[in-house]
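Just below is one structure, and these are the notes that go with it.
The values are calculated or read from the model by the stated rules, or taken from the named source; none is laboratory data. Predicted model, so just to flag it, every value in this text is computed and none were measured. A quick note on method: Cβ atoms are made from the backbone with ideal geometry, for glycine too, and the neighbour counts reach across all protein chains shown. All accessible areas refer to the heavy atoms of the entire protein, side chains included, with ligands and DNA or RNA removed. Shrake-Rupley method; radii C 1.70, N 1.55, O 1.52, S 1.80 Å.
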Amino acid sequence: MTRLATTRKERWRISVRGIVQGVGFRPFVYGQAQRLGLSGFVLNDSSGAIIEVEGEGASLEAFQRALLEEAPPLARIDSVSAESMPVQNGLAFVIAPSRAGAARDTLVSPDAATCADCIDDLLDPSNRRYRYPFTNCTNCGPRFTIVADVPYDRGNTTMRAFPMCPGCQAEYDDPLDRRFHAQPNACPVCGPRLRLLGLESPGSDAADEIAAAARHLANGAILAVKGLGGYHLACDAGNAGAVDRLRQRKHREARPFALMVPDLDTARQLCVLSGDEAALLQSPRRPIVLLNARPDSQHAVAPGVAPGLSTLGIMLPYTPLHHLLLRDFAAVIGPERPAVLVMTSGNMSDEPIAYRDDDARQRLSPIADGFLGHDREINTRCDDSVARIAAGGEQIFRRSRGYAPEPVPLPLECRVPILACGGHLKSTFALCKGRQAFVSHHIGDLENVETLTSFRTGITHYERLFDLHPQAVAYDLHPDYLATQYAMGLDIEHKIGVQHHHAHIASVLAEHGLEGPVIGVAADGTGYGTDGAVWGCEVMIADLAGFERRAHLAYAPLPGGEQAVRQPWRMGAVYLQQAFGDAFLELDIPFSRGLDSTRWRTLAQMAERGLNSPSASSLGRLFDAVSAILGVRGEAIYEGQAAIELEALAGVAATLHGGRPYPFAIIEGDPAVLDVAPLVRAIVEDIRKGVPAAQVAAMFHGSIAELLAASCLRVRSESGLNEVALSGGVFQNRLLLEKLTARLGGLEFRVYINRRVPPNDGGLSYGQAAVAAARLALVEGGGKGE
């Protein structure tokens, strides 16, 4: 709203939408009104915040500028609209009670890490919240995980079970106090209580319980620790025996464990940090950040923490309990080594994270020696987020605590509310209305009843929070995905199938506010193709509504189907046979010499007859194959392990690759076929020459970047398009991503990658939603839609 400043008295009604509840916005508004001598009121409603403000025109202009430019750190202002009203000649400005409206358009804030002021309170012996593990204010603390309904008031959170004492109530009622209307506000007198169960504790209060827990951790115990969105399993990261026991009990044989360290200095002792990485670690979102480990980090971290990898997943404390536990643990172990705790998800392998106390005690008792818990209920399960800095910015691998449920904008208006059901692995869903996509927290792999239940209840919770009732549902084309079956079973008129890799590219377009067309490169492990084959390396021309496949990796069979994913040696044999025929069995390389030829011939016959051996154009499986051929990983314990370890090996020698890439061929056609048989033959020749495996791995990464860049050049020459969107799980490989983006940049392409949603299948729901919105717009406009 723009107007000339006047000296006469005016009254404005201002509507603010965005994340403005539970983040100190109303006291901020109150303070601005007091500063400018304005009267009126501010209140929360189901659309955000409503302000009526009265005073001279110039002061009102200054007030509105402050709303946009000086809002509290956790607030996100999406829109501010104002209209004139009759002057009422009020004398004061007040904060009025919240009210519910007919439609709910408010946004719920993500959980936020403990702020500096609350840490000061926590560590000040003279403060009444000294060492109280549930300290928070309007600038920090639990939000999304404790909200049951909106408006965001205490009665609609799990804090309703804790009536405030007079001291906390006075803070809560004082507009100039930073705890004004901080819904989780509490203190030792009236707030949640901590308990250490299953292990000896001589203490009688929270501080003693935490100190006892730290001593048990230092002595090798495994503890289940209740966090914001669920339980963690914690142990001393420097104690190899404790780490190994945790792996055995959790049935997590090889996946890396996340680590929590007390501060940035400790993180720097373990890893090499850039300025951007340090900022991401310290942000209020507090994700796990993937960092390059220092070669000498093994003095502080047991080898079993991240076997076979050159990176560590590090996070800083994000609750008062974490801060106190790390400080006490550091005091117990002394200054001789850094204080580092494993802090991994509290679950058995492949299960959802435990977040309800009874369920946690039942499921985690076989793993944990004791429980450090409390009586503040968690309303919504929410795992830790995972991110890193790559290709010049933040890249998210798991979008959950600290990010969800903050909406991601859409480039097109949703004609009707949309539910997008995502994929099978790394599942998320998205609920959309207007130009907002509420992408869910990380759900997990939809492979068991518990995770499917979490998926369904999550959708119901989001529908209630955002008053969103879908009239269209988008889903992956794979008929066996549980998310697809869920979508098909809904009584919703518009059902919109979205091809897996188109959804990946659409996710990049949407988050950058683009509609296309662009050249899309989607690369991952598996995705259902429109020809019934398994796709996984697709070069396309795509916009939000549709795509045209212009090139793909040459098809190769997956002998045994899913077994080919778990046993990369099978893919190694497939690609060698494609390159050399049966003569590969006689090659003078370790892979061929060690292969069980009888077993392979049985699998080869299966593939030849098309028995449980689907054709695949998967770049992920090619990475698996090269990993196996080089002797890096022949049997995979978790999905992607072979490729991840190949990247780690390549990183050792990546700087040495300055020569020509390995050869490849692009076979013309519609679509063209990317033939890597020449590349495989060249790799074998280098192995026979004794070229170090690390150098071969680095050259392979560079060659794939060159192959994809050449494919983009081919499409540009035919279409004139100069924008490239990259997505899919393969682009979690930082070495490949940065080589390819640099190469494309050198060829004067404009390159876009995922920044706000994951490039892996965690971003599919957002891409599906964008496609659905575009197709529904075409239907309304008379074009071709579903």
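Taking every DSSP bridge with both residues inside the chain, close to 70 percent are antiparallel.
Loop only per DSSP, at most 12 neighbouring Cβ atoms within 10 Å: give me the GluC sites (Glu not before Pro) in the stretch 625-693, ordered by residue number.
Values: sites: E635, E639, E645, E647, E668, E685; in loops: E635, E639, E668.
Loop-located and lightly packed - E635, E668.
Using a probe of 1.4 Å, the accessible surface attributed to E336 totals some 150 Å² when neighbouring protein chains are kept in position.
Compute the Cα gyration tensor for the stretch 284-419, then decide on rounded, prolate or oblate, letting a ≥ b ≥ c be the square roots of its eigenvalues: rounded whenever a/c is under 1.5, prolate when a/b is larger than b/c in the other cases, and oblate in all that remain. Don't jump to the answer; show the numbers that get you there.
On the way: a/c = 2.04, a/b = 1.29, b/c = 1.58.
The shape class here is oblate.
Length, then width, then depth: along the principal axes, the Cα atoms of the stretch 537-606 run 49, 23, 20 Å.
Computed from Cα atoms, the angle from the helix 734-746 axis to the main principal axis of the chain rounds to 90 degrees. Estimated from helical segments only, the mean residue ellipticity of the chain at 222 nm is -10500 deg cm²/dmol, where each DSSP H run of four or more residues counts as -39500 (n - 2.57). By DSSP, the beta bridges lying fully in the stretch 430-573 are antiparallel in about 75 percent of cases. Per q in 0.16 Å⁻¹, report the Debye log10 I(q)/I(0) for the stretch 150-238, using one uniform scatterer on each alpha carbon and no solvent. Relative scattering, expressed as log10 I(q)/I(0), comes to -0.79. The length gained by stretching the chain between H299 and S81 to full extension, at 0.36 nm per residue less their Cα-Cα distance, is 72.7 nm. Measuring from centroid to centroid over Cα atoms, what is the spacing of the stretch 665-740 and the stretch 519-581 in Å? After rounding, the separation between the Cα centres reads 14 Å. Find the centroid of the Cα atoms in the stretch 362-400 and in the stretch 418-436, then give the distance between the two in whole Å. Using only Cα atoms to place each centre, the spacing works out to 21 Å.
Across all Cα atoms of the stretch 223-262, the radius of gyration (one decimal) and Dmax (whole number) stand at 10.5, 28 Å.
Tally Lys/Arg at +1 and Asp/Glu at -1 over every other residue whose Cβ is under 10 Å from the Cβ of Y662; what's the total? Counting the neighbours of Y662, the net charge comes to -1.
Cα gyration tensor of the stretch 531-659, axes a ≥ b ≥ c as square roots of the eigenvalues: rounded (a/c below 1.5), prolate (a/b > b/c) or oblate? Don't skip to the answer; put the middle values down first.
Details: a/c = 1.85, a/b = 1.16, b/c = 1.59.
Taking the square roots of the gyration eigenvalues as a ≥ b ≥ c, the stretch 531-659 is oblate.
In the chain, the longest principal axis of the Cα atoms and the axis of helix 449-465 are about 40 degrees apart. Here the chain has 49 percent of its accessible surface on carbon and sulfur atoms, given a 1.4 Å probe and all protein chains in place.
Along the stretch 677-687 the Karplus relation, 6.51 cos²θ - 1.76 cosθ + 1.60 evaluated at θ = phi - 60°, assigns HN-Hα couplings of 4, x, 5, 5, 5, 5, 5, 4, 4, 5, 4 Hz to successive residues, with x for each Gly and Pro.
How high is the relative contact order of the chain, in percent, counting Cα pairs under 8 Å that sit 6 or more residues apart? Don't skip to the end; give the middle numbers.
Values: 1848 pairs, mean separation 86.7, N = 786.
Once divided by the residue count of the chain, the mean separation gives 11 percent.
Rounded to the nearest Hz, the phi-derived 3J(HN,Hα) couplings of the stretch 516-522 under the Karplus curve 6.51 cos²θ - 1.76 cosθ + 1.60 (θ = phi - 60°) are x, x, 9, 7, x, 10, 10, where x marks glycine and proline.
Between the helical axis of 320-333 and the longest alpha-carbon principal axis of the chain there is an angle of about 60 degrees.
Shape verdict for the chain, please, from the Cα gyration tensor: rounded (a/c under 1.5), prolate (a/b greater than b/c) or oblate. Taking the square roots of the gyration eigenvalues as a ≥ b ≥ c, the chain is oblate. Distance from the alpha carbon centroid of the stretch 46-79 to that of the stretch 164-222 works out to 35 angstrom. Backbone geometry of the stretch 185-201 corresponds, through the Karplus equation with coefficients 6.51, -1.76 and 1.60 at θ = phi - 60°, to 3J(HN,Hα) couplings of 3, 6, 8, x, 6, 10, x, x, 10, 9, 9, 9, 10, x, 9, 5, 9 Hz, x marking Gly and Pro. Neighbours of Y752 by Cβ distance under 12 Å: Lys/Arg scored +1, Asp/Glu scored -1, total +1. The slack between R13 and A62, meaning 0.36 nm per residue of separation minus the straight C-alpha distance, is 16.2 nm. Dimensions of the stretch 655-786 from C-alpha coordinates, computed as largest minus smallest value along each principal axis and given longest first, are 63, 32, 25 Å. Here the calculated FRET efficiency for Q563 and Q471, from their Cβ-Cβ distance with R0 = 41 Å, stands at 0.50, rounded to the nearest 0.05.
Pairs of lysine in the chain with Cα under 23 Å and at least 8 positions apart or on different chains: total? Walk me through the numbers before you get to the answer.
Details: K226/K250; K226/K426; K250/K426; K426/K495; K433/K495; K433/K784; K495/K784.
Taking the chain as the scope, the lysine pair count is 7.
Please report, in whole Å³, the volume per residue of the convex hull around the C-alpha atoms of the stretch 24-82. Write down the numbers at each step before the final one.
Working: hull volume 4.7 nm³, N = 59.
Value for the stretch 24-82: 80 Å³ per residue.
Note that the chain presents 36 Å² accessible area per residue, ligands and nucleic acids not counted, probe 1.4 Å.
Distant-in-sequence amide contacts of A672, defined by a placed amide H-H separation under 5 Å and a gap of 5 or more residues or a different chain, comprise A551, H552.
Could you pull out which residues in the stretch 284-300 have an amide N less than 13 Å from a spot 7 Å beyond the Cα of L264, following the Cα-Cβ vector? From the stretch 284-300, the list is 284.
Convex hull over the alpha-carbon atoms of the stretch 293-371: what's its volume per residue in Å³?
On the way: hull volume 10.3 nm³, N = 79.
Per-residue hull volume (Cα only) is 130 Å³.
Summing charges over all other residues whose Cβ lies under 13 Å from the Cβ of V715, with Lys and Arg as +1 and Asp and Glu as -1, gives -2.
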